[in-house]
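Taking it in order: structure first as C-alpha cells, then the write-up.
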Amino acid sequence: MTVGVSRGRPERVSTRLVGLALLATLTLGGCGQSDTPDADEPVVIATTTMLGSVVTDIASCAGASSETLMAPGDDPHSFSLSSEHVADLVNTQLVVSSGLGLEEGMTSVLASAQQDGAHVLEVAPLLNPLPFGDGDSTGQLPATHDPHFWLDVARMADAAAIIGHELATITGDSTYATCGTQVRDDLLVLDTSVRDILAGVEPSNRVLVTDHNAFGYFAAAYGFEIAGVVIAGGSTEAEPSSRELAALIETIQTRQIPAIFSNIAAQSNAVEAVAREAGPQVQVVPLYVGSLGPAGSGAETYASMMTTNAELIAQALEPK
Ligand SMILES: [Zn+2]
C-alpha cells in the first residue's frame, strides 16, 4: 500500500503537487466514490490528531465535515483500530494517514479498508522523507524513512496542499484545492513564527535529547542536533538497553545538556530515570510529540501544539 516514495528529491515538494496527487490516485487505484456521497458521512477521515487538525481546517473551509480516528493523548505508534471501523473508512471519500510505518497498530485495518475500496492517502512518503539518523538501524519501524514529518511545519504545509488537491481530484470540487492552498499558506506563516521563537536559542545550545527518535525533521528544519534518544529507534514501542542508557547519561553529563524532552502521548519511566542519573540540573520537559493536547492544554490544534513545543524547547535550552 505504499504510494510513490520520493526519496532524495532536492526540489521543493510544492512544485510537484499535481504530479504527486495524480501518482497517488493512480497507485491507489483511484476508486471513485464521488457518485453519491452520503451527507451523514465525513468527507475525509484522518488518522493522527495532527493530521486531523489540518484536515479539519481544509474540510471546514470547504464547508465539509471531517473525522479524526485518534483522540488527544493517543500515541500513533500504539493506537489500534478494530475491524469494525473498516466500513467507515470505505464510506468516506478520503482517508489521510502519515504512513511510513507510523500507524503500527492500524496496519491491518487500513489494508483491509483499501482492499474493500477505501481511498487511503499516505502523506509522509510524498514529503521528501528523510532517512532515520545514524544508530537507528535497531528501530522497530518497518520503514527505512522517518514518519515524523509533522514536526517540520513546512512539510505539514506541503501536506495540506497535497490533501486539498487529492480531495479536489476525488470529489471534483476545486474548492478543496483552494482551501488546501489557504491552509498551506497559514502553516507557512506558522513556520516563520516557530523559527522566530527558536531564534533565541544560541547555536551552541541547539542540542536535543528526546524520548524516541521523532525529532529528525525538526532538527533538520530548525537547525538542531540530536545528541541522543532514550528509546533507540523510531518508535515508542522499543525497550531501551542499559548499555545505551549509560552511554546517553555520559553524553548528557559531558556535554552539560540541560534538558531531556519527553513525550506527553507516550510517557516513559526510562526518561525520568536517565534524567535522575544524569544529575539534578537535568530537567525533563514534556512535549506534544505524537499527539495534540486535550482541551485547556494550549496545544489543542496543530498550530498551538507546534507553538507550545517551540516555546518549551526555547525556554529549556536558554542559559540559566
Ligand atoms: Zn514517534
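No lab work stands behind these numbers, since they all come straight from the coordinates. Since this is a predicted model, take the numbers as computed values, not measurements.
Assorted remarks:
- Residues whose amide H comes within less than 5 Å of that of Thr68, counting only those at least five positions distant or on another chain, are Ala46 (H built at 1.01 Å from N in the peptide plane).
- Distant-in-sequence amide contacts of Ile226, defined by a placed amide H-H separation under 5 Å and a gap of 5 or more residues or a different chain, comprise Leu208.
- Here the 3J(HN,Hα) profile of segment 60-77, calculated from phi with Karplus coefficients 6.51, -1.76 and 1.60 at θ = phi - 60°, is 5, 4, 8, x, 10, 9, 9, 9, 10, 6, 7, 10, x, x, 6, 8, x, 6 Hz, Gly and Pro shown as x.
- Remark: the Glu84-Gln281 segment gains 66.0 nm on full extension, using 0.36 nm per residue and subtracting the alpha carbon distance.
- Panel note: the C-alpha atoms of segment 41-192, placed on their principal axes, show extents of 44, 41, 26 Å (largest first).
- Phi angles across segment 166-177 convert, under the Karplus curve 6.51 cos²θ - 1.76 cosθ + 1.60 with θ = phi - 60°, into 3J(HN,Hα) values of 5, 5, 5, 5, 5, 8, x, 9, 5, 4, 4, 5 Hz, Gly and Pro given as x.
- The 3J(HN,Hα) values that the Karplus relation (6.51, -1.76, 1.60; θ = phi - 60°) gives for segment 109-120 are, in residue order, 5, 5, 5, 4, 4, 5, 4, 8, x, 5, 9, 9 Hz. Gly and Pro appear as x.
- Three principal axis lengths of segment 196-317 [C-alpha, angstrom, descending]: 38, 31, 26
- Annotation: amide H-H contacts under 5 Å for Leu287 (H modelled 1.01 Å from N, sequence separation of 5 or more, or interchain): Ser262, Asn263, Ile264.
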